[in-house]
1. Would you confirm whether or not segment 52-64 contains a residue that is in a loop (DSSP other than H, G, I, E, B) and within 27 Å of ASN190 (Cα to Cα)?
2. For segment 1-44, which positions are within 14 Å of ligand 2 (Cβ to nearest atom), surrounded by fewer than 18 Cβ atoms within 10 Å (Cβ to Cβ) and either at pLDDT 95 or above or under 24 Å from ASN76 (Cα atoms) (or both)?
3. Identify the residue in segment 15-51 that is in a loop (DSSP other than H, G, I, E, B) and within 8 Å of ligand 1 (Cβ to nearest atom) and, among all such residues, is nearest to ILE206 (Cα to Cα).
4. I'm checking my understanding of the structure. Among residues of segment 57-89 that are within 16 Å of ligand 2 (Cβ to nearest atom) and of a type in the set (Gly, Ala, Ser), which one is modelled with the highest pLDDT?
5. I need a count of the residues in segment 151-208 that are closer than 21 Å to PRO74 by Cβ, out of contact with any helix residue (DSSP H, G or I) (no Cβ under 7 Å at 6 or more places or on another chain) and among the aliphatic types (A, V, I, L, M).
6. Within the group ARG224, ARG178, ARG158, which residue is more than 30 Å from THR16 (Cα to Cα), modelled with pLDDT of 90 or more and charged (D, E, K, R)?
7. Can you pull out the residues in segment 27-59 that are more than 15 Å from ILE223 (Cβ to Cβ) and without any contact (Cβ under 8 Å) to a residue 24 or more places away in the chain?
8. What single numbered condition from (1) modelled with pLDDT of 95 or more; (2) within 14 Å of LYS11 (Cα to Cα); (3) more than 15 Å from the chain's Cα centre (by Cα) fails to hold for THR54?
Amino acid sequence: MQTNNTSPPLKVDKLTVHRSGKLVLEDVCITINRGEFVGLVGPNGGGKTTFILTILGLLKSKKGSIELYGHKKPSNSIFRKLGWVSQHASNIPENVKLTVRELVQLGTVNSSNMFWRFSSEQNAKVDYAIELAGLQRFRDRNVSKLSGGQRQRAVIARVLASEAEFILLDEPLVGIDRESRNTLLKFLDNLCHEAQKTILMISHDIAAIQQASHRMIFLEERIRYDGASDCFPDLSKLADLRGIKSVHESNEFENRLYQLEDMRKK
Ligand SMILES: Nc1ncnc2c1ncn2[C@@H]1O[C@H](COP(=O)(O)OP(=O)(O)O)[C@@H](O)[C@H]1O
Ligand SMILES: [Mg+2]
């Protein structure tokens with residue numbers, strides 16, 4: 001089957017997912033176009049990771065459809081366009097002795113070339129990915145010796161060295177300092193503008209993702225907001241969208257009770 005070049009990387013329609021019998025996602029409709037940098041935010045347990053795992057085909061949906069690059073039944077070559085950086089991908093144990101270059105090289109290994117020596121084409125992809133991630137100086141350094149932000153860029157470089165065009169990141173900003181976070185966000189933004197990648201990034205750091213992304217989606221079982229990052233609602237508007245009522249709002253019934261109590265005392 002031919003890939004239609006104009007098809008969006010992701011088109012999800014009325015997606016409903018249950019986990020252990022509990023409703024986690026309901027009627028989720030999202031289309032993500034090429035070159036977009038989309039921030040996926042929402043409360044803990046809101047279904048963000050579930051959404052990504054379902055797109056990747058790791059969880060089954062109860063209802064709805066998912067199209068990847070125009071394909072409802074994606075082949076392996078379509079799945080290879082997806083690069084997933086899982087939540088703890090950069091937590092590489094200290095006893096794993098792997099240089100940055102070796103880690104990134106792993107991104108080029110797939111079922112059709114795993115028993116061959118690295119080709120010059122693979123090596124060129126690795127060098128390019130390391131350069132994009134700004135890690136040339138660290139290419140021979142052990143990954144466990146990198147800072148949190150550098151390690152996060154290294155695991156993203158591994159995905160870049162593959163054929164991935166649509167990169168899905170689950171909480172890549174956790175545990176990294178402010179400066180590294182800004183470098184990482186700039187790097188991701190450049191990937192969309194200069195390397196024509198599409199990014200869907202989960203983060204609980206709303207302020208950071210609002211600065212970097214073009215569009216934000218707030219997911220809490222259902223989509224509560226989907227629009228330009230600049231127009232992302234403030235806290236009180238967000239509470240409205242989530243159906244949360246202010247506990248400080250004046251309550252007429254309570255006020256009346258206090259008045260009666262006062263009158264009784266007098
Ligand atoms: N392995 C699992 N089995 C059953 N339910 C799960 C599992 N992982 C997560 N859940 C439930 O799915 C819901 C959504 O979780 P998740 O997608 O991880 O949310 P988020 O990534 O937004 O924090 C939560 O209610 C959570 O308890
Ligand atoms: Mg999660």
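1. yes
2. ARG19
3. GLY42
4. SER86
5. 4
6. Values: ARG224 fails: more than 30 Å from THR16 (Cα to Cα); ARG178 fails: modelled with pLDDT of 90 or more.
Only one candidate passes the filter, namely ARG158.
7. Within segment 27-59, GLY45, LEU53, GLY57, LEU58 meet the criteria.
8. Here THR54 clears every test but (3).
The values are calculated or read from the model by the stated rules, or taken from the named source; none is laboratory data. No experiment lies behind these values; they were computed from the predicted model shown. We place every Cβ from the backbone using ideal geometry, glycine too, and count neighbours over all the protein chains shown.
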